[in-house]
Amino acid sequence: MIDNLDQRIIALLKRDGRYSHTGLAEELGVNAATVARHVDNMLEEGFISIKTVLNPFKFGFNAHAFITLDIKLSEIDKACARLISNPHISLLATIFGRFDVLVIADFPTWEMLQEFITRELPNIDGISKIDTFPIIEIKKIYNGLFKYDSFVDAPPQMDDIDLAITKALAENGRLSYAGLAKRLNTSLTTVSRRVARLKKEDIIKITAIRNPSRWGYLANAYSVLHADLDKVETICAKLAVYPEIHLIMTLMSGFEILLGMHFPSPETMYEFIVDKIARIDGIANTETFVCAETRKRSYALFEPEKEELVS
């Protein structure tokens, strides 16, 4: 069972996944052995993992799109397998609704994204219709975690040692500096200095990420909203406070806002959409796609940090 101390530990580990047991204990007013036991239990039971999150813009990903696909039923598995293998696809889910599959794609340039949409997608067997909604701005996303095979250009200030550190911490965000130094055959001082710089320059963030299913969030959905253009910013701000919403993006070409959501059940999903979203001033209508299966997610998505849990 997760208790209040666990919640407070998670809030701190979201800020810095490498927080030491001693540092956590001092912040929380408990002893280090207690903290170590709680952290180890949450990791072993799969309630959280410690991930190294990359800043996509630092790695040259500047063009993003939400894409919906109509695919012949008999070809869905084959088409999805091909799409999943593309490193520029960060999210792929099969859905219920007027579309069959939704995708979020990320490319260095709009020209490369256009090439993918106009040349690659039409050549995949079974795809009969493609609707593309370029993403204007990411308003809320809990930890965009890009796979390492999707590197295009590392930031100029990163060298091979920085990349090796980043990859090692992706496997284990709490790997000790001594362990890192031994693995990379370099000094402890070099490793600690490099990690501190990568974090300070917002190239990486090492953070605790919750496993939604272990927290009882079993129903997933995506909604697109038609909204008054002059109220989009206000609407996004109102939506961002809800922990059920892990993803908010503004779009062009048809819809104004995209939401990603987690819920304990379909019933709570329906109540949230009707009682919360639909009542926000400026939203004209919504269309929701219930997720049948998330087949690829290079984003680690869940609720934002609640700092009040620390005190």
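For the range 91-106, name all the residues that are touching a residue at least 40 places away in the same chain (Cβ under 8 Å) and of a type in the set (A, V, I, L, M). 91, 92, 93, 95, 102, 104, 105, listed by residue number. Considering the conditions (1) among the small types (Gly, Ala, Ser); (2) assigned to a helix (DSSP H, G or I); (3) in contact with a helix residue (DSSP H, G or I) (Cβ under 8 Å, 6 or more places away or on another chain), residue 223 is excluded by exactly one of them, (2).
Within the range 10-22, which residues are surrounded by 15 or more Cβ atoms within 10 Å (Cβ to Cβ) and either modelled with pLDDT of 95 or more or more than 21 Å from residue 205 (Cα to Cα) (or both)? Of everything in the range 10-22, just one residue is surrounded by 15 or more Cβ atoms within 10 Å (Cβ to Cβ) and either modelled with pLDDT of 95 or more or more than 21 Å from residue 205 (Cα to Cα) (or both), namely 21. Might you check whether a residue that is outside any strand (DSSP E or B), small (Gly, Ala, Ser) and touching a Phe, Trp or Tyr at 6+ places or on another chain (Cβ under 7 Å) occurs anywhere in the range 242-258? Checked against the condition, which is being outside any strand (DSSP E or B), small (Gly, Ala, Ser) and touching a Phe, Trp or Tyr at 6+ places or on another chain (Cβ under 7 Å), the range 242-258 yields at least one hit.
Looking only at residues of the range 23-62 that are of a type outside the set (A, V, I, L, M, F, W, C), touching a Leu at 6+ places or on another chain (Cβ under 7 Å) and modelled with pLDDT of 90 or more, we find that the one that is farthest from residue 10 (Cα to Cα) is 27.
Filtering the range 277-286 to residues that are surrounded by 12 or more Cβ atoms within 10 Å (Cβ to Cβ), at pLDDT below 95 and outside any loop (DSSP other than H, G, I, E, B) leaves only 286.
One residue alone among 181, 170, 208 is touching a helix residue (DSSP H, G or I) at 6+ places or on another chain (Cβ under 7 Å) and either in a strand (DSSP E or B) or assigned by TED's automatic domain parsing to the domain that holds residue 268 (or both), and that residue is 208. Looking at this structure, is residue 222 touching a residue at least 60 places away in the same chain (Cβ under 8 Å), of a type outside the set (Gly, Ala, Ser) and surrounded by 13 or more Cβ atoms within 10 Å (Cβ to Cβ)? Taking the combined requirement at face value, the residue satisfies it. Taking the criterion of being within 19 Å of residue 59 (Cα to Cα), assigned to a strand (DSSP E or B) and hydroxyl-bearing (Ser, Thr, Tyr), the only residue of the range 80-134 that qualifies is 90.
The values are calculated or read from the model by the stated rules, or taken from the named source; none is laboratory data. Source: prediction; values computed, not measured. Heads up, the Cβs are rebuilt from the backbone with ideal geometry, glycines too, and the neighbour counts pull from every protein chain shown.
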